[in-house]
Amino acid sequence: MNKYLLLGMSVIGVVLMFAVFTGNPMDDFDHTGIVHDVRATSSGYTFIIDSSGGDVFKCFYRDEVEELGHYGISGNFSSDNSIFFVSAAKCFDKI
């Protein structure tokens, strides 16, 4: 067997392993999207997120988020589904 063929196949194997086993950081969140209309409240911040799935909904989070930032958020909807209470948020613009 040609040594260059063996070396080439090894490199392809290593690249494929990285492609398959490297996780996407966006998969760790319930929703991802663009944040806008950020407003301060007495106990945190409200904002609107246009999710990558096409949904638009109002959110509440205790920490400030950046206007027009690309965020991943996790949390739960209120009982009437009128607002999403964010438990974790990460700005993908700062990765």
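Residues checked against (1) modelled with pLDDT under 80; (2) more than 19 Å from Glu66 (Cβ to Cβ); (3) in contact with a strand residue (DSSP E or B) (Cβ under 7 Å, 6 or more places away or on another chain); (4) hydroxyl-bearing (Ser, Thr, Tyr):
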position: Val15; (1), (2), (3), (4): yes, yes, no, no
position: Phe29; (1), (2), (3), (4): no, no, yes, no
position: Asp37; (1), (2), (3), (4): no, no, yes, no
position: Thr41; (1), (2), (3), (4): no, no, no, yes
position: Ile49; (1), (2), (3), (4): no, no, yes, no
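For region 46-95, how many residues meet the condition of being free of Cβ contacts under 8 Å to residues at least 12 places away in the same chain, under 16 Å from the mean Cα position of the chain (by Cα) and not in a helix (DSSP H, G or I)? Qualifying residue count for the region: 3.
When Val38 is tested against the conditions (1) within 15 Å of the chain's Cα centre (by Cα); (2) of a type in the set (A, V, I, L, M); (3) part of a strand (DSSP E or B), the lone failure is (1).
Taking the listed residues Gly54, Gly75, Gly69, the one that is in contact with an Asp or Glu (Cβ under 9 Å, 6 or more places away or on another chain), modelled with pLDDT of 85 or more and on the phi > 0 side of the Ramachandran plot is Gly75, with no other qualifying. If I filter region 60-72 for residues that are loosely packed, with under 11 Cβ neighbours inside 10 Å and of a type in the set (Gly, Ala, Ser), do I get at least one hit? No; the residues of region 60-72 include none that is loosely packed, with under 11 Cβ neighbours inside 10 Å and of a type in the set (Gly, Ala, Ser).
The values are calculated or read from the model by the stated rules, or taken from the named source; none is laboratory data. Source: prediction; values computed, not measured. Glycine also receives a Cβ, built like all others from the backbone with ideal geometry; neighbour counts cover every protein chain displayed.
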